[in-house]
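Structure record follows, encoded as structure tokens.
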Amino acid sequence: MMFMSRHGGGLRLRAFAIASAVVLGVGAVAFAVRAEPVPAVAQASFVSDRLSVEVVGSGPDVVLIPGFASSREVWRAEANRLKATHRVHLVQLAGFAGEPWAYGDGPFVQPMADELARYVREAGLERPTIVGHSMGGMTAVLLAQRHPELVGRVMSVDSLPFFSALFGPQVTADTARPFADQAAAGMLAADEASFRTQQGQGAIGLARDPATRAAMVEWSMASDRRALASAIREVMTTDLRPGLAAMTTPVWAIYASDADGGAPAAMADALWSREYAALPGVRLIRVDDSRHFIMADQPARFAAIVDQFLAD
């Protein structure tokens with residue numbers, strides 16, 4: 001859910017692009033699934049109106065969490081690659097990409113994280129690896145902070161522990177709140193045509209591939225606006241940085257850099273280093289020539305990082 005812009009300079013304008021896109025209701029949605037049939041998968045015997053889970057493969061457990069407005073299909077290629085050696089749990093969050101939403105304007109992030117914790121317990125997973133993209137990365141860190149006994153390790157993909165830090169180091173959850181409320185209101189107020197246009201404009205900064213951008217728009221249009229509004233309001237005002245110093249779960253934070261319309265490398269390095277500074281032992285890895293959807297823009301590089309992470 002981090003956006004990039006050609007206007008202005010560096011990370012600061014990446015943040016401005018995020019601000020504009022969020023206020024307009026532009027969501028980060030799923031990686032383009034190519035014109036291939038989705039393979040049959042097992043549905044986990046877990047009943048929840050907050051999320052559903054598909055399970056493929058066998059071996060050590062890996063839980064894949066998509067980001068804001070995203071479908072679990074953002075992880076399909078990676079899941080298909082990993083299933084020969086791992087049991088992969090593909091999460092779909094309620095309210096996103098066509099999944100039903102039953103909670104109106106009620107809370108989103110914390111209840112969903114609690115349901116993930118319940119899933120890990122009820123499915124009998126033994127300290128699984130958690131990989132999350134964007135808002136999913138924030139959720140993975142939150143899960144490790146609240147339930148460290150349930151999580152083996154975390155990979156956070158292009159996600160900061162405080163989203164609104166993108167607007168500047170002086171921003172707090174309180175000062176971000178009016179902008180979060182404005183973003184939520186904008187999502188609810190836009191008509192269908194305007195919302196689709198906004199999605200298309202925002203997608204340019206999220207991925208380099210046109211097919212991926214097109215898929216983003218469709219997943220976003222299929223999302224429940226009330227869920228989007230609740231989620232963005234909470235994401236923009238949830239600051240996980242105070243809990244970083246006490247974390248014992250190993251964390252890798254993967255982040256994007258793109259000199260052609262994205263975040264310059266030096267500025268991306270500075271931001272991620274600053275925001276994760278309090279987390280003991282965090283490993284920061286920059287992926288160049290990529291925008292927010294790293295798994296789509298640099299699939300081979302991303303797969304190599306995941307393999308190294310799982311083997312570490």
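Remarks
- Residue within segment 158-174 that is modelled with pLDDT under 95, more than 23 Å from Ile294 (Cβ to Cβ), open to solvent by less than 40 Å² (accessible area, probe 1.4 Å) and not in a strand (DSSP E or B) present: yes
- Filter pass, Ala296 being modelled with pLDDT of 95 or more and either out of contact with any strand residue (DSSP E or B) (no Cβ under 9 Å at 6 or more places or on another chain) or open to solvent by less than 10 Å² (accessible area, probe 1.4 Å) (or both): no
- Helices (runs of 4 or more DSSP H) enclosed by segment 45-154 - at least 3 residues per element that are among the charged types (D, E, K, R) and either surrounded by fewer than 20 Cβ atoms within 10 Å (Cβ to Cβ) or touching a Ser or Thr at 6+ places or on another chain (Cβ under 9 Å) (or both): 109-122
- The set of residues from segment 211-265 being farther than 19 Å from Pro299 by Cα and acidic (Asp, Glu) comprises Glu218, Asp224, Glu234, Asp239.
- Tabulated pairs, segment 256-274, first in a strand (DSSP E or B), second modelled with pLDDT under 90, C-beta under 6 angstrom, 6+ apart or interchain: Ser257/Ala263
- Condition check for Ala278: open to solvent by less than 40 Å² (accessible area, probe 1.4 Å) and either within 20 Å of Ala144 (Cα to Cα) or in contact with a Lys or Arg (Cβ under 8 Å, 6 or more places away or on another chain) (or both): no
- Pick from segment 233-273, criterion buried (at least 20 other Cβ atoms within 10 Å of the Cβ) and among the β-branched types (Val, Ile, Thr), ranking: farthest from Arg153 (Cα to Cα): Thr237
- Condition check for Glu218: among the charged types (D, E, K, R), within 18 Å of the chain's Cα centre (by Cα), assigned to a helix (DSSP H, G or I) and under 25 Å from Ser290 (Cα atoms): yes
- Just one of the listed residues (Ala215, Ala193, Ala185, Ala229) is surrounded by fewer than 22 Cβ atoms within 10 Å (Cβ to Cβ), in contact (Cβ under 8 Å) with a residue 40 or more places away in the chain, out of contact with any strand residue (DSSP E or B) (no Cβ under 8 Å at 6 or more places or on another chain) and not polar (S, T, N, Q), and it is Ala185.
The values are calculated or read from the model by the stated rules, or taken from the named source; none is laboratory data. Please read these numbers as outputs of a predicted model, since none were measured by experiment. Positions of Cβ are generated from backbone atoms using ideal geometry, with glycine treated the same way; all protein chains shown enter the neighbour counts. All accessible areas refer to the heavy atoms of the entire protein, side chains included, with ligands and DNA or RNA removed. Shrake-Rupley method; radii C 1.70, N 1.55, O 1.52, S 1.80 Å.
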